[in-house]
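Everything on this sheet refers to the single structure shown next.
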Amino acid sequence: MPTPAADTLHTYLPAPLEPAAVLDDPLEQDCFTRPVLGPAGQRWAESALQLSGLYCAACSGIIEAALLRVPGVQRAQVSAASERATVCWDPSRTRPSALISAVRSAGYDAVPDAAAPARLQRLQAQRQALWRLGVAVLCAMQVMMLAAPTYFAAPGEISADALHLLNWASWLLTLPVLAFAATPFFAGAWQGLRARRLSMDLPVALGIGITFVASSGASVDPGGVFGSPVYFDSLTMFISFLLGARWLELRTRHHAAEELERSLGRLPETAWLVDEAVGVEQASSDTAVSSQRLRVGDLVRVPLGQAFPADGLVHEGMTQANEALLSGESAPVDKPCGAAVLAGSVNLGAPVLVRVQRVGSDTRLRAIQALMHSALAQRPATARLADRWAAPFLWAVLLLAAAAAALWSVIDPPRALWVAVSVLIVTCPCALSLAAPATLVAAVRGMARRGVRVQRLDAIEALAGATHFFFDKTGTLTEDHLQWRGTELTQAGRSRWADPSLALDMAASLAVWSAHPVARALGEQAHATRRWWGVHEEPGLGLRAVDEHGRPWRLGSARWAGVGADPRGSSQPQVWLACEGQALASFTVDEVLREGALQTLQALQQDGVHITLLSGDSAHAVQAVAHRLNVSRVLAAATPQAKLDALAAVQSAGGRVVMVGDGINDAPVMARADVSLAMGQGAFMARGQADAVITSNRLQDLLAARRTAQRAMAIVRQNFVWAAAYNGLCIPLALAGWLPPWAAGLGMALSSLFVVLNAQRAAR
């Protein structure tokens, strides 16, 4: 079918229907509305809306007033800072479309906020963590002010009564820190004990509790068993620094979740379904339906500026799409007629018609989200190793603290308790626990920005240390389509055409009637339409048709064109054109190297990596591609078992293998490899086998992912070395009594803070 011109397609825009009405679909409402109970037990609904157009805090009052005027709205809360609204309404009296219309009538815009529940949980967690940190810091500063006179005054300058008063004031200010800010440490320790295991919160909780009890005892009776020193200032400062480190870790994890949310919001709530019985030109007959209601085979019209509601093929028109969030490609991607488009990418060029191929969880967008969720929910092997060592380490810490207390009770009894507290605090393995997970999550986020979605965190370590890369040929190092390379006329052809391009135009106009890969390569060269009659395709041979003058034409193999065997014996696929039994021209097609393939393989070889090209294709076709890529290791005409044997041989020799394939027919090999990466569209058909997916389809991003993995593992080692060096230095100081509790708390908190901040470099 001829492609309409762009200006014609602009007339295909649907009539100005009210798209908000689609939100009344119960299936659509499930994404942003939840049932709630009113104060008297009424059945209400609560909807979350994302707003736009707000410029100041006064805008929130205008929107709230507009929403409250809608019959059935019980309450509305609008946040100008986050540009979001929460509306409770009576389902028997109103609909979500009325809420959207009310906001728009007030001069603003609103769309459903599908990620609201998860975001609300994160905001609550962040708000609570910030409140705890704020209370701890504020009280710590006040306690430090009260403790300052004891630092600077000479012995005897402060009376006993004044000192007693300062201690009790510090005790009072420490209570909110202990009762509110430090609650997560006590809760974590208690949950671990209930589960009959030692958690990393246990030494922290013990240190905090013992310090508070001992300091309280010293405040009550300075001459008693606890001695006279109090450490309320050290206690509150220690809790403040530790809460600060944990808040930064929380922000790191939430930042990764926010990137997922941005992709969740890319799907439009409305799709314009074309009624093909009426005709695609009758845009006014298009129906606005929920994107959730689309089915495979539907024809939808996508206006300019709207996101594509499902994966599909451009049926009419040509445009450009922004796929930055899906593939990492920042430049618009050309989408001619027949090109694949992805759900969530934005139509930037012109209105087009799209034939739906995949919907819902089968789309690439949902597959990417599933990959990211899977990766962020895992614990890598390095983290599991740290966890296995954490329990013995904690037992050693507790025994060491007890031994220190026993030893110092003989040497200097008043200092015994404080030495034990210092040992408990300084040896808390928080930094050790954060060393790997924080770094690898940051690396996953950095790779995702470059179009590589990691499904298994352990793959990062394997990718960084890989010694052998096995590449599939078709669909990985080469594109999944062929390309026309040249035209050669026969003697009869030269007598008919003076220019070989005329023969190419004739062949291309006939080739568009076939879906064969070789015919498609020729059909891409068609510049004008030509009428053919009686077109018929003979499987394995080619096409035949009759032109306007009644002459029979054939396009296909040499035997089909009447030539017999290829007289030149070319190793490249060739197509012959014949008229009335006489061969007129031959056309050579060849595989297209994927952009950046040569540069990527050269860079890997410079790193000392061994490259092997695997393919089930014929030997001459594989050798031709290997020669163009400067690859010497080739396994051609390989069966799946032969590929497995080649990979296993390298592994048995001690090599770490990365398999890069299209994910369709390489599943057994990808499952056997130390780490597997799948390319593009085919990867989602076998995402169970792939450890990571190169959604951008750019091999340069594979190289960037390896660089990121190597940097991440270097940072993990740095963090482990730092944690070990910190403990190796501070434990002897604490045992010797040279590290007071306040210094131990500061050192432990700064150690965790350093690990978290250092881990963020992996995302760059």
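The values are calculated or read from the model by the stated rules, or taken from the named source; none is laboratory data. What you are looking at is a predicted structure, and each value in this text was computed from that prediction instead of being measured. Neighbour counts run over all protein chains shown; Cβ positions are idealised from the backbone, glycine included. To get the accessible areas, we keep the full protein, side chains included, count just its heavy atoms, and leave off ligands, DNA and RNA. Shrake-Rupley method; radii C 1.70, N 1.55, O 1.52, S 1.80 Å.
Only one of the numbered conditions (1) open to solvent by 40 Å² or more (accessible area, probe 1.4 Å); (2) part of a helix (DSSP H, G or I) is not met by A637, and that is (2).
Yes/no per residue for (1) touching a His at 6+ places or on another chain (Cβ under 6 Å); (2) open to solvent by 70 Å² or more (accessible area, probe 1.4 Å); (3) farther than 26 Å from P640 by Cβ:
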{"site": "H468", "(1), (2), (3)": "yes, no, no"}
{"site": "K473", "(1), (2), (3)": "no, no, no"}
{"site": "T476", "(1), (2), (3)": "no, no, no"}
{"site": "R485", "(1), (2), (3)": "no, yes, yes"}
{"site": "W497", "(1), (2), (3)": "no, no, yes"}
{"site": "A507", "(1), (2), (3)": "no, no, yes"}
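Note on region 76-122: among residues that are of a type in the set (D, E, K, R) and in contact with a Gly (Cβ under 7 Å, 6 or more places away or on another chain), the one that is modelled with the lowest pLDDT is D109.
In the set (1) more than 26 Å from D645 (Cα to Cα); (2) assigned to a helix (DSSP H, G or I), V592 fails one condition alone, (2). Residues in region 742-754 include at least one that is modelled with pLDDT of 80 or more and in contact with a helix residue (DSSP H, G or I) (Cβ under 8 Å, 6 or more places away or on another chain).
Yes/no per residue for (1) part of a helix (DSSP H, G or I); (2) exposed (fewer than 14 other Cβ atoms within 10 Å of the Cβ):
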site	(1), (2)
C139	yes, no
M144	yes, no
P149	yes, yes
G156	no, yes
A162	yes, yes
N167	yes, no
V177	yes, no
F185	yes, no
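Filtered by the rule that a residue be over 40 Å from the mean Cα position of the chain (by Cα), at pLDDT below 85 and either among the charged types (D, E, K, R) or open to solvent by less than 20 Å² (accessible area, probe 1.4 Å) (or both), region 509-530 gives a lone residue, R530.
For F232, are the conditions met, namely being open to solvent by less than 70 Å² (accessible area, probe 1.4 Å), of a type in the set (F, W, Y), in contact with a helix residue (DSSP H, G or I) (Cβ under 6 Å, 6 or more places away or on another chain) and modelled with pLDDT of 80 or more? Spelling it out, F232 is indeed open to solvent by less than 70 Å² (accessible area, probe 1.4 Å), of a type in the set (F, W, Y), in contact with a helix residue (DSSP H, G or I) (Cβ under 6 Å, 6 or more places away or on another chain) and modelled with pLDDT of 80 or more.
Of all the residues in region 387-428, those that are modelled with pLDDT under 80 and assigned to a loop (DSSP other than H, G, I, E, B) number 2.
For region 439-481, filtered to residues that are aliphatic (A, V, I, L, M) and outside any helix (DSSP H, G or I), the residue that is modelled with the lowest pLDDT is L457.
Look through A671, A686, A649 and report the one residue that is modelled with pLDDT of 85 or more, within 25 Å of D617 (Cβ to Cβ) and either in a loop (DSSP other than H, G, I, E, B) or open to solvent by 30 Å² or more (accessible area, probe 1.4 Å) (or both).
On the way: A671 fails: modelled with pLDDT of 85 or more; A686 fails: modelled with pLDDT of 85 or more.
A649 is the lone residue from the list that is modelled with pLDDT of 85 or more, within 25 Å of D617 (Cβ to Cβ) and either in a loop (DSSP other than H, G, I, E, B) or open to solvent by 30 Å² or more (accessible area, probe 1.4 Å) (or both).
When A583, A626 are checked against the criterion of being in a helix (DSSP H, G or I) and either surrounded by 15 or more Cβ atoms within 10 Å (Cβ to Cβ) or at pLDDT below 85 (or both), A626 stands alone in meeting it. Taken together, the criteria place L739 among residues that are outside any helix (DSSP H, G or I) and either of a type in the set (G, A, S) or farther than 12 Å from T439 by Cβ (or both). Pairing residues of region 579-604 that are on the phi > 0 side of the Ramachandran plot with residues that are in a helix (DSSP H, G or I) and at pLDDT below 90, at Cβ distances under 6 Å and at least 6 apart in sequence or on separate chains, gives G596/L699; G596/Q700.
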